[in-house]
Structure formats: C-alpha cells, structure tokens
Number of protein chains: 2
Amino acid sequence: MDQKYHQGGFTLPGEAGYEQLTLELAKKWGADVIRDSDGTKLSDEIVKAGYSIYSTICIIRQHNAFAAQHPDSQQQTFLCSQPVVACGDTLVIEPMKGYFAEQFQLNDSPDAMPYWQVYDRTANTELPREQWTYADGKVTLTGCTPWHEYTVSFLCWRIWEEINMYNHTTNHWTSEHLRQLDPRHPAAWAYLQQWLENWCVENPDTNVVRLTSLFYNFVWIFGDDLRNRSLYCDWASYDFTVSPAALNAFRDEYGYALTAEDFINGRKLQVTHMPPTRAKLDYMAFIQKFVAEKAKVLVDIIHKHGKLAYVFYDDSWVGMEPYGEHFAKVGFDGLIKCVFSGFECRLCANAEVPTHELRFHPYLFPVGLGGLPTFAEGGDPAKDAWQYWRNVRRALARQCVDRIGLGGYLHLTIGFPEFNDAIEQMAIDFRRIKELHSHGAPLCGKCRVAVIHTWGKLRSWTLSGHFHETDKHALIHINEALSGLPVEVRYLSFEDVENGALKDVDVVINAGCAGDAWSGGDAWKSDKLVEELTRFVHEGGAFIGVKEPSAVSGYHTHFRMAHVLGIDKDTGARICHGRWQQPVSPAPFALCESGLGSDASLYLTDGNAAVLSEKNGVPQMTLNRFGKGYGVYMSDFKVSPESTRMLLEMLLHLTGVEAKELYLSDSACVETSYFPADHVLVVCNNREEDTEAVIHTPAGDVKVSLKAMETRMVEM
Amino acid sequence: MDQKYHQGGFTLPGEAGYEQLTLELAKKWGADVIRDSDGTKLSDEIVKAGYSIYSTICIIRQHNAFAAQHPDSQQQTFLCSQPVVACGDTLVIEPMKGYFAEQFQLNDSPDAMPYWQVYDRTANTELPREQWTYADGKVTLTGCTPWHEYTVSFLCWRIWEEINMYNHTTNHWTSEHLRQLDPRHPAAWAYLQQWLENWCVENPDTNVVRLTSLFYNFVWIFGDDLRNRSLYCDWASYDFTVSPAALNAFRDEYGYALTAEDFINGRKLQVTHMPPTRAKLDYMAFIQKFVAEKAKVLVDIIHKHGKLAYVFYDDSWVGMEPYGEHFAKVGFDGLIKCVFSGFECRLCANAEVPTHELRFHPYLFPVGLGGLPTFAEGGDPAKDAWQYWRNVRRALARQCVDRIGLGGYLHLTIGFPEFNDAIEQMAIDFRRIKELHSHGAPLCGKCRVAVIHTWGKLRSWTLSGHFHETDKHALIHINEALSGLPVEVRYLSFEDVENGALKDVDVVINAGCAGDAWSGGDAWKSDKLVEELTRFVHEGGAFIGVKEPSAVSGYHTHFRMAHVLGIDKDTGARICHGRWQQPVSPAPFALCESGLGSDASLYLTDGNAAVLSEKNGVPQMTLNRFGKGYGVYMSDFKVSPESTRMLLEMLLHLTGVEAKELYLSDSACVETSYFPADHVLVVCNNREEDTEAVIHTPAGDVKVSLKAMETRMVEM
C-alpha cells in the first residue's frame, strides 16, 4: 500500500494532559490537523508539534459577564401560554406556566409588550388590547366569551444557551449556565467584534478558527415537567432569532409588521416540515441576510489575522443554510459537517466553499446522542463507527469531501483499540477514494433525478436535522438511499418546476404526507405545476410518488398526479365506490416490500396500473404507463440495502439504463462506483461479514470476494 | 309453558305446491299471517286456510310493457365519464365508457341535454357550452388546456331495475330484465294508480299490501369490467331520483337550479357518509315531500279497498326515511325491516307507525347476501339464525316490535329441522318479551345518551345500510353496542345541540373520521357548538369521542373538543413537538383493548388525562376530568361482547349508576333486562355454550345457570 494514503486530510481532537496519546494517534490516523473541542484544551506541547491547529469558538456563548451587565443583549423568543378555558367573562393566565424557568424569563419591557397578543383560540380572533392587563407574571382578561379557550403569546429572554443547557441537563453538569448574546444588540455586537479581535491576537498558533457555529440556535423549547421536557425541537426554525429590534427592523425593511401569531401559528409554531407562510419566507430572507452580513464581519477579522475561518454546520446555524442565497458570499474557507448518514456527506460535499470537512461519529464522548454508551462500559464504538462509515462511504464514492476528522475527548479512546484501528482503515480508504475523484468524476447513469419539494435547493439532501430526528418522513429515507447511487440528484422547488427546471431531468420524486413541506400542500393547487409534470411524464419522463405525493384537497382526486400514478387515496368521500380487483404483477426490478406501508385507503383510479405489491388486498406499490413515460407509486419507503437496490433498479428501468453500463454488482450489499479516468472500480462490501459478488461490466461479469466492510479498488 | 306464547305475531312465507309444509310450519312457528315473496305465489288452499294474507308489491317494477311503450317514463340518473387528459387543444370523450350498458342508456333528449356538463377537472371549472358538441355517443371538446383532465357529466336512463339486475347477475337468472317507472312521469303515475286499483280488486283475499318498497332504489352503479362491477353503492343517496322533470320542478319550487355537478360532486357523488351540501339537503327535502305525497295516494287506494298498507324499509326506499318529516303522515299501517343486527331492530321499533315487524335472517334462499350458502350444501341456517337472533334479542329486550317473520322459499327449509326448531324457540321467546313490554318498559339507568352527528334524528341508529356495509365506521359499532344496553339513546344533529337539546342528556357520543358525516366535518367550525358542549361537560356531563371526534382543520387543535378530551391528533404540524410520557392508569371499568386502534399521531394536550390504553407508547384511550364532567377518548371501537360491556360500564361510571341498580350480570356474555311491572328479569345467554353467571341485584347477588343461547325469565 502506497504510503501516501496514510497521511493527510485528517483532523484529530487533541487533549492537554494526553500529549503522547495525541501524537501517537495523530501518526496512526495520519492527521495533519489538531483541534480542540468543547471542554478540551491543547497544551503547548501539542500546539508546537508541527500540526496545523483548529480552535473552536462559539462566538455568542462565552460572555456571561457581559450578559450580566447587559441583560437586554440576550437572545429572545416568542412563546405561547397553555390554553385556558374561560368559565365566565374574566380569566387569569400565567404565560410562563409549564415552561422551563431556567431557560426562559418573561420580557415585559416597554419595547416587548406591544408584541404580546391574547388570542381567543376558539373563535380564532385576537382579544382587543384594552381587554387585558399584565402584572406580576399574570395576564388578566375581561369580556371573555364563556367556554372559549384563550392563550397569551409573549416575548421572553432565553437565559441559558441551549446546547449548554442540553449538556447540563443530560450529563448532570454543575458548571455555570452559559448565556448567549444577540449580535443584533449594538453593544453586544461591538463587544463580540472586539472580543474576536483580541482572541485572534491571543492565539497566534491557531491556523483555523472553527466557528461552532454562528449566532442563533435551532429552536429547542424546554418544559418544566420531566414527563415532557423537550416541548419543541426543530432544527431549522427561526423563532430564536426574534427580538423587538429584529421585528422593528423587519417592519421597516418589508413595509409590514410581523406579529407574535406569525411565529406562534395557532400554537403549532412554524415547523420546517410544513410549508411556510409568505411572512415566514420574508422573515427567513431577512434573517439570512443579517446573519451573512454579521458573519462576513467576523470572517474578515479572522482573515485579517492570517487565519482561516471554517464554520461548523450545527447548533447555532440558523440563517446560514449552505444552499442559501448568501452562504458563498460570507467568505468561509471551510464547511464542517458532522455525519451519521450519507445524505449529510452529500450536503457538505456540494456546498460552495473551498474546503469540505466531515466530522465522523461517534463523537469521543461517554454517551451518544441517543443516550446510549459509546466510549464507556457497554459501548462498542468500533461497531458504531463502522455503521456510520457504511452510510458515509457510499456517498463519498459518489461525491468526495476534502477532509475528515473526529471530535471530543481523545483519552476516551484508551481501551478501545478496535476503534482506533477502524478509524485508521477508514482514513486510508477515504484518501484513496479522494484521489480517484481528483482524477475525474465517477460514472453516473444517464438518469437525472430531481427531488421536488417546498424548499427546493435550500434544503438539498436534508429535511431538518439528522436522520434519526426526521426518520418518520419518507423523504429522508429516499435521500439517504439516493446519496450513494450512481445517478445525478438535484433538489427543486415547485416554482423551479413551473419555470422549466425539468428540461434536463429524467425522473421526478415527490415524497411526503398530505399538507407537509415534502409533499407540497397547497403548492399543488397550481395548475401550471400539474400541467408541467403531466407533460413531462407524457413525453417520456417518470414521476415517483411516495406516501401522499401531490396531495391536496378540493379536486376530483386527492393526489393531483393520480392520472399519472394510476392510484389515488380516498379521504372518506369514496367509501361507497368500488375498488378495482387487480392481481399482483411481477415487477421489472427486484422488489423490496418490507419498507412499503399498509394504507387501506388507496385505490386504483382506472384499473390500468400494474400492482407490484399489495397489503390486505389494497395496492401499496404500482407502476403505471402514462404516454411515453411512467408513474410509480409507493405507499412508503424505508431505507435498507434492499430498498436502496430497488430504488436504483427502478431508476435504471425508468430511464432504460442497464446494470452493466454502470458496473453494478448482483448484490444489494455490495455497491460500486466506477472511475473511468483511472479505470478503477471501487467495490464496497456493506456487510460485516465476508461476501462474494458478481460485478456486471460492459466486458462481462467479474467475480469478487470481499472481506467484511472491505473497500476494494479493482483495476478494470 | 303457557300456550299463549306459541301463537301470534308471526309472518310465514307460504309457497304454492308446498301447501302441507306451509300449514305445518305455520302451526310450529305459531304464524298468524302468511305472505308471498319475490318469486313465490300462494295457492288457494293456503289463502283460504284462515290466516291473514300479506301480498308483496314492488310498485314501480312490474310494468315492462308500459315501459316499452313509454320509454321516457323510466327512471334516470346523472353519471360522469372517466376523466381524460387533453394532450392538445381538442379532445373526444365517450361518456358511457366503463359503465354497464345493460343498466344505463344515454339520455340525449332535448330536455336532458341542458343538464349535461363538461368539466375541466384540473382547473375545477366548467367548459363553456359553446366549446363542446355531442353526436353519436361522443362529446368533442375544443379549446382545451393541454395536460388538463376533462369529464362529461350526463343524464342517462336506467333500463334495468337494480334489485332485479343484482339477482340476475349474482344468481345467473335468465328471465326478462325488469324495468322501473318514475312516478314523476304523469302517464306513468296515472298508470300506476290504476294498476294498484285493479290489483286490489283482483286480490280480495289480501289483508295487507306489503310494499317493497316505494319508488326510488338506493344508488347502485354497475361498471362493464368484472374487475370492478359495483362502481358505486350507497344505501341512502338520492341520485336515482333525478330527471329533467324533477330538476325543473325543484328549480321552480326553490328558486335556484341544480346542476349535474351538485350530484357528481367532483366525481365523488354525494356519499351519505359525508356531510351534505345545502343543495343536497334542499333536494332531499324536495324528494321526501314528493315521495310522501305519492305514497299517500297509494296508501289511500289500498285503504279504500279495506286492506292495510305495510311498507318494507329496503330496496326502493329512498325518500321515505322512517325518521323523516313526512313518514308518519303517509298513513302506513306497518313498517317492516329486515334485520341482521340489533340497531335495525331499534330503528324499526321506534318509528311512528302502528305496527312494527322484523323480517329475520337468514332469508329462505340458497345463498346469503355475502354469497355464502345458507339453505344449500355447506350452509348452516340454524347457526346463522342464532347469530342474528343474538344481535336482535338484546335490542328486543330494550324496545320491542309487534311482529316477526321470515321471507323467501319455504320449501328450502326441508332438510334443516334445526333451523325450524330454532325459529320456533325464537318466536316463543319473542312473544314472552313482547308481553313483558306490554306491561311496562324495562328498567333504564338514569343515563341518557345522545349520539351526535350531521344527520341527527333522520338517521337514528343506522348509517347507510346494513352493518356489514358500513362496518368500517366506528359509529355503527357503537350503535350496535348501544342497541341492547339499559340506557336511553337518542340521535341529535349539531343544530339540535346548539338549540339546547342537551338539557336532558347525560352523555354525548361523537364517533367518526375527520370530515365525515359522523364526526361532523365543518359543523365543528361552529363556536356555539363547542361552547355548548364545553359547558355541558364542565357542568357534569360526559363527552365520549371515538376515532377523530370533533375534528376540523383551521384551529389550534385538530379535535375541537381536545380541551375536554385531553388528547388531540397531530396532522403534521406538531411533529416537532414533545409528547407527554404518561404511564397507563388502571381503568375504573373493565377494559376491552382489542377494538381500539393504533393511531401513532395522537398526543396528550396537557398531560392531565389518564391513559387507559396505549399502543407503541401512544395513548389510544384516555379519561379526562373536565370541570365536573369527563371526556373519554377511544381511537376506535369494534363491537364485541367485551367492548359492549366496556361501553356499558363506562356509561354507568360516567353517570354514577351502580351495576346492581340495573340487575347486571358479572359476565359480558350474559345480558339482562329488568321489567319492574312484572318483577321479571330477562337473562340472555349470548354464548352458544352453557354458562353460569352472577346477577347483581339491589337485594343481593343471584347465581344463574343458563343453557346455550337461553332466554331465561327470572321472577325477582
């Protein structure tokens, strides 16, 4: 094995007090960079050892003294009280009741009160301002309608930075609660710039400032009852960017005022999984611009000191979507993404930024995100690492990043030599794959897939957070399956489709539940969208619908694309209608039925679609010829080696590509990527056992024997 | 045993050629009436044997010669073509494609054509009349929008009476297809009156004319493809009452015109299970008035000849709902209902008419409704009869009818002596129960239950047809369970509730799916309804919600009564919200979890409701204290002895009634009714095995041993 695969592109978390371990593992894993982590420090011995140095900064969090002096510089949010039923014409509501008092503190300041709202939730109307008063944490309502429910929407300070709060409450930390500053506050912003300036001066050995991350955390609302601690958690909502200053600035810029209800939204808040209101879209654009402007100032300070600025895409990331309008203009030198899954790799790899780096899992921590042990009694970090690597490797084989690395407490690896060996092997395999990419892209079928949903490119690959946070949505399963397939993938909004974006697309996928952002909700009321997709399929394209694709009420079918799919869903009005009895037809590709659903309300529209799978006599997967193209329906999709293989074969069938053109194996567990420039086929065994497989190639079949999890480079 | 229980109140289907059998079974079953059936005749020997005689007439069906001479006197309906996608700006649609040509024939007459409509189903707009032409069974459209779907709604003649069509196609009959006349056609109406007049003269021995039934069949649309023969079947829709004459008369009376789309309704038709439009309600009232007027004329003719007029509530029953505004005024002397279930017994028993009669199942026919053998090889009619009797007996014990009987071909009972014995025993038990009722009503808990839904009293007890036709709806299971419980039951519309109908109600039940007629759909947008129910529970009432009770979109909760229930359903926008972790609490009554659902999207609103049952960590049944009352939620309900018992105990718990007050047994399979006037307790063993049970009474427990299916009268 060439020595060049043993060094470079690897970021190691160093740890003061474990200098020898740090240097040993740096050598073993071929690190060129050493970083600190939240909770660890680097000693001089490490810093001076000849490695490039990353230093982690959470810019808004390390300033409790300033926050104490300027409590109005802290961040805020809107909250809504629990609803209370009026038994007479007056009512007293305690807005904060049920919320975690260590996270939130009422903001009843003069600039905040105009943004408070009392709502009659039964009548869906705001109670006039003159009918309520506030004093001592309580709101008193008069002139209520008996038996109606009322709520109070209010502003409050967030007095505990949420990641710190999470670590405290989960790991029983006892250190001081860290607060967070709002860069929109002029004094705070001046302070933060000066603080960064000073920091750069004081840390001459740092080569890369690793921003973890920017200003506003994803929304995470805690309750005071341990039976329901996490009242709300949305990885892509904007509630935590709110303040009277922000709202006033928005009003000045956009010419209309936002209200509490624009955020509270009938107590549901503005969940990323649902289509946004126009006001939310405007507000997102407003915040994204602000975040980018402020981020650029920080990056410029870092650059001025001869350092690079990398940004970590997690935690306080809100407003800096890598596929947003402003991201490329901020001037970041690198984007770092922690990865459990293949889709996260693709998300990072395709962002417009010079350096792309993955932080692998498991994090060097006693427990993982789900609370199970990793580097502790009962944990098996090597096994965890191989699982995540299996997800990530297939994505890397399609589109590579520049660097990989780890994070956490390095000393925790002591006693887990299998983990250390696993990382060594992954680093080697990563470098070999990276080299192949540097000579030219891997072979991709002439199958160009467009996933269409409300957010389009902005939320390419991801929905809102990690896989396990969004795994109730079919689309994340689709995205994960696609992340390692030899097809071109892009993400389009419905507007993109209407504006002609299907001109170089072969297959469209729409996967979601009725009314959600992934299916599309009211976007499907656009006749233009339906016309364009109908034309697209009739002329030879394919439309794959999963779960409740194109669903919206008010039309003669529930799925607007029912005429293309040949299947629709009854929402009650068709319970007296007959159902077509259609026998199951053999599928023209390997079927994986295990991830399909069992929706009893599906029905064939005209009896022409081929039923590929059924449950209790109800079709769950269909293939329908429409014009020169196809409609494919699946009642659900759960990612697995077999379902991924089915999706691949389906895509190839729909576009007329043969397996041998793409050097595919005959096994769902053995995935391949062919690099024509080097005539090298990367063969990945996704099983933790030795495996044999036959690779179909244009020059005939090739048999390979692979070790467990092996990455084999085969010269063709 | 008193001989008086061996005779009377029984209608036997006689059969010419089987005179001895007829008289033998008349004696065995204690018949006082002999009837003919569809397909049988009575001979002089039978008619003169001293029994009262019923003769069956299907008034609109026995006139093929007249129909041939006056084809425009036949009945009609609206149909809608299959939707067709336009690939360019013109399109040809064959309206009749896919429909059964033996049932339907296009009506392109000058009075029909103005009612045809061409629709752009993509844009939800009607194509202007000048953009389409009709010729030779085809409609040609111009100026289409490419890639839109179009349909043609049209009038057609129904040229085969649907019950005859069903018997033909199911039993391979080869006789002439029977046609049906529309009494709205003046010539047909004059003819029918004269025909009935003549018939009465020619049948002097007939005591009771058994009308089977009136004019308009329930809607049953056949397709031409055997894979989907029954395209649509709704037992309570009004489509088959339509004609240009009816539509014109409606316009003249109501001042606005109905269109095809009022019936076609986006190709869904107006399913009884969905809330009606205002136009449908008006049209129903219009038809009900017409049917009652015409029925009264027929009844008067029958009365003039000294005969009684009974009406059978099935088949061509549309417009004569027994709980409709006009039913009592028609002057019927009896209502006959065929019964599989307890709810059908209650439906009949409570109608405002002098005589109530049940026609038991199985019908004396080789096969049953579901197509399985009854009086044929492989059939077990005695077993079937006992099953239906078990359902009906418990309802009879609550509210009795005047008569029972059978129908069909009597000779088929030869070789089934167990069936004949079973009927004999049931007739005896029926007469004993009837006698008890004649001395005073059975004891009823001070628990007054109101089932609330869109149709209210009009559809008391039934939804739309038999149990097996509507068993996907939770409410029919509830109704069936209630039909034999010692509680008062009434059916209220939402308007009734708003107008104060809860003043003498203890428990309200709302059971259905979001948007359907049983849950209520948009009716729940009424604040007044929510206020009234909230007040009702707060002051001590109970609200039982099943499946998606009070569900409507546009509010802060999906269930409008979520504040009372303590549970709600997430429709997607709350996927980022935390869920209360609530351990399961012991229920204050015997739980039956088997009929509950497994809805993963339910969530506790405030963590206060007691979870009585859960599935995969999600509550499926809850009990919530609200003010002085309760909210109870069940995610589904399937009728069974155990679930029925649970419902009873729940109702008693909610209203503070003790089991011993009602003389209840300790077994779900042993039901009781106490008749205070006679101090007699009717104890029914619902098992086909011998059983022991303990009866709780105010005077202490009583132990009883019962034979299989026994009806025991215990003197207290």
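The values are calculated or read from the model by the stated rules, or taken from the named source; none is laboratory data. These numbers come from a predicted model, not from an experiment. Backbone-built Cβ (ideal geometry, glycine too); neighbour counts: all protein chains shown.
Could you grab me the full set of residues in the stretch A:537-550 that are surrounded by 24 or more Cβ atoms within 10 Å (Cβ to Cβ) and either over 29 Å from the mean Cα position of the chain (by Cα) or at the interface with another protein chain (Cβ under 9 Å from one of its Cβ atoms) (or both)? Once the filter is applied, which keeps residues that are surrounded by 24 or more Cβ atoms within 10 Å (Cβ to Cβ) and either over 29 Å from the mean Cα position of the chain (by Cα) or at the interface with another protein chain (Cβ under 9 Å from one of its Cβ atoms) (or both), the stretch A:537-550 yields only A:Val537. Looking only at the stretch B:674-710, residues that are out of contact with any Phe, Trp or Tyr (no Cβ under 8 Å at 6 or more places or on another chain), of a type in the set (S, T, N, Q) and part of a strand (DSSP E or B) come to 3 in all. Candidates are the residues of the stretch A:169-193 that are surrounded by fewer than 18 Cβ atoms within 10 Å (Cβ to Cβ) and of a type in the set (Phe, Trp, Tyr); the one that is nearest to A:Tyr216 (Cα to Cα) is A:Trp189. The single condition among (1) surrounded by fewer than 21 Cβ atoms within 10 Å (Cβ to Cβ); (2) out of contact with any Ser or Thr (no Cβ under 8 Å at 6 or more places or on another chain); (3) more than 23 Å from B:Arg229 (Cα to Cα); (4) away from chain B (no Cβ under 13 Å) that A:Ser640 does not meet is (2).
Considered as a group, the residues in the stretch A:268-302 that are within 14 Å of chain B (Cβ to nearest Cβ) and not β-branched (Val, Ile, Thr) include one that is nearest to the chain's Cα centre (by Cα), and that residue is A:His273.
If you check B:Phe250, B:Phe263 for being touching a helix residue (DSSP H, G or I) at 6+ places or on another chain (Cβ under 6 Å), without any contact (Cβ under 8 Å) to a residue 60 or more places away in the chain and under 20 Å from B:Val291 (Cα atoms), only one passes: B:Phe250.
Being among the hydrophobic types (A, V, I, L, M, F, W, C) and within 14 Å of chain A (Cβ to nearest Cβ) is the filter; apply it to the stretch B:444-475 and report the residue that is farthest from B:Asn217 (Cα to Cα).
Here is the first cut: in the stretch B:444-475, the residues among the hydrophobic types (A, V, I, L, M, F, W, C) are B:444, B:447, B:449-452, B:455, B:458, B:461, B:463, B:467, B:474-475.
Applying the additional criterion that residues be within 14 Å of chain A (Cβ to nearest Cβ) yields B:463, B:474-475.
Working: B:Leu463: 17, B:Ala474: 26, B:Leu475: 24 Å.
In this case the residue turns out to be B:Ala474.
If you check B:Ala123, B:Ala67 for being outside any loop (DSSP other than H, G, I, E, B), at pLDDT 95 or above and of a type in the set (A, V, I, L, M), only one passes: B:Ala67. Against the list (1) within 21 Å of A:Glu325 (Cβ to Cβ); (2) of a type in the set (Phe, Trp, Tyr); (3) assigned to a loop (DSSP other than H, G, I, E, B), the condition A:Trp518 fails is (1). Test A:Thr140 against the stated conditions and say whether it is away from every other protein chain (no Cβ under 14 Å), part of a strand (DSSP E or B) and out of contact with any helix residue (DSSP H, G or I) (no Cβ under 8 Å at 6 or more places or on another chain). Here the answer is yes, as A:Thr140 does meet what is asked.
Out of A:Asp252, A:Asp262, which single residue is within 21 Å of A:Val152 (Cα to Cα), outside any loop (DSSP other than H, G, I, E, B) and away from chain B (no Cβ under 13 Å)? Step through it out loud before you land on a result.
On the way: A:Asp252 fails: within 21 Å of A:Val152 (Cα to Cα).
One residue alone meets the criteria, A:Asp262.
Going by the conditions given, is B:Phe589 over 29 Å from A:Glu469 (Cβ atoms), within 14 Å of another protein chain (Cβ to nearest Cβ), surrounded by fewer than 23 Cβ atoms within 10 Å (Cβ to Cβ) and not aliphatic (A, V, I, L, M)? The answer is no for B:Phe589. Just so you know, in the stretch A:476-500 the residues that are within 27 Å of A:Gly370 (Cβ to Cβ) and among the polar types (S, T, N, Q) include one that is farthest from the other protein chains (Cβ to nearest Cβ), and it is A:Ser483. May I ask you to list the residues in the stretch B:556-578 that are in contact with a helix residue (DSSP H, G or I) (Cβ under 7 Å, 6 or more places away or on another chain) and either among the charged types (D, E, K, R) or in a loop (DSSP other than H, G, I, E, B) (or both)? Those that are in contact with a helix residue (DSSP H, G or I) (Cβ under 7 Å, 6 or more places away or on another chain) and either among the charged types (D, E, K, R) or in a loop (DSSP other than H, G, I, E, B) (or both): B:Arg560, B:Met561, B:Asp568, B:Gly578. The set of residues from the stretch A:220-249 being over 26 Å from the mean Cα position of the chain (by Cα) and facing chain B (nearest Cβ under 9 Å) comprises A:Asp225, A:Leu226, A:Arg227.
Go through the stretch A:77-87 and give me each residue that's assigned to a loop (DSSP other than H, G, I, E, B) and within 11 Å of another protein chain (Cβ to nearest Cβ). First the steps, then the outcome.
From the stretch A:77-87, those assigned to a loop (DSSP other than H, G, I, E, B) are A:81-83, A:86-87; that's our starting set.
Matches in the stretch A:77-87: A:Gln82, A:Pro83, A:Ala86, A:Cys87.
With respect to B:Ser553, is the statement that it is surrounded by 21 or more Cβ atoms within 10 Å (Cβ to Cβ), of a type in the set (S, T, N, Q), modelled with pLDDT of 95 or more and in a loop (DSSP other than H, G, I, E, B) true? When the stated conditions are applied, B:Ser553 does not pass them.
For the stretch A:91-136, give me each residue that is within 14 Å of chain B (Cβ to nearest Cβ) and among the small types (Gly, Ala, Ser). Within the stretch A:91-136, A:Gly98, A:Ala123 qualify.
Of all the numbered requirements in (1) within 27 Å of A:Gly368 (Cβ to Cβ); (2) among the aromatic types (Phe, Trp, Tyr); (3) in a strand (DSSP E or B), A:Trp160 misses one, and that requirement is (3). Would the stretch A:135-156 turn up any residue that is in contact with a Phe, Trp or Tyr (Cβ under 7 Å, 6 or more places away or on another chain) and closer than 30 Å to A:Gly370 by Cα? Yes; the residues of the stretch A:135-156 include at least one that is in contact with a Phe, Trp or Tyr (Cβ under 7 Å, 6 or more places away or on another chain) and closer than 30 Å to A:Gly370 by Cα. Residues in the stretch B:201-230 that are of a type in the set (A, V, I, L, M, F, W, C) and surrounded by 19 or more Cβ atoms within 10 Å (Cβ to Cβ): B:Val208, B:Val209, B:Leu211, B:Leu214, B:Phe215, B:Phe218, B:Val219, B:Trp220, B:Ile221, B:Phe222.
In summary, B:Thr462 fulfils each of the numbered conditions (1) more than 30 Å from A:Gly578 (Cα to Cα); (2) touching a Leu at 6+ places or on another chain (Cβ under 8 Å); (3) not in a helix (DSSP H, G or I) with the single exception of condition (1).
Of these, B:Arg560, B:Arg579, B:Arg574, which one is within 22 Å of A:Leu269 (Cβ to Cβ) and in contact with a strand residue (DSSP E or B) (Cβ under 6 Å, 6 or more places away or on another chain)? Please lay out each step first, then the result.
Values: B:Arg560 fails: in contact with a strand residue (DSSP E or B) (Cβ under 6 Å, 6 or more places away or on another chain); B:Arg574 fails: in contact with a strand residue (DSSP E or B) (Cβ under 6 Å, 6 or more places away or on another chain).
That would be B:Arg579, the only listed residue that is within 22 Å of A:Leu269 (Cβ to Cβ) and in contact with a strand residue (DSSP E or B) (Cβ under 6 Å, 6 or more places away or on another chain).
Here the condition is being β-branched (Val, Ile, Thr), under 18 Å from A:Phe263 (Cα atoms), within 14 Å of chain B (Cβ to nearest Cβ) and surrounded by 14 or more Cβ atoms within 10 Å (Cβ to Cβ); of A:Thr145, A:Thr151, it holds for A:Thr151 alone. Tell me yes or no: at least one residue of the stretch A:283-290 is of a type in the set (Lys, Arg), in contact (Cβ under 8 Å) with a residue 40 or more places away in the chain and farther than 20 Å from A:Leu475 by Cβ. Within the stretch A:283-290, not a single residue is of a type in the set (Lys, Arg), in contact (Cβ under 8 Å) with a residue 40 or more places away in the chain and farther than 20 Å from A:Leu475 by Cβ.
Select, from A:Thr174, A:Thr212, the only residue that is more than 14 Å from chain B (Cβ to nearest Cβ), modelled with pLDDT under 95 and closer than 30 Å to A:Ala279 by Cα. Result: A:Thr212 is the single residue among A:Thr174, A:Thr212 that is more than 14 Å from chain B (Cβ to nearest Cβ), modelled with pLDDT under 95 and closer than 30 Å to A:Ala279 by Cα. Screening A:Ala101 with (1) in contact with a helix residue (DSSP H, G or I) (Cβ under 7 Å, 6 or more places away or on another chain); (2) in a loop (DSSP other than H, G, I, E, B); (3) under 30 Å from A:Tyr238 (Cβ atoms) gives one miss only, at (1).
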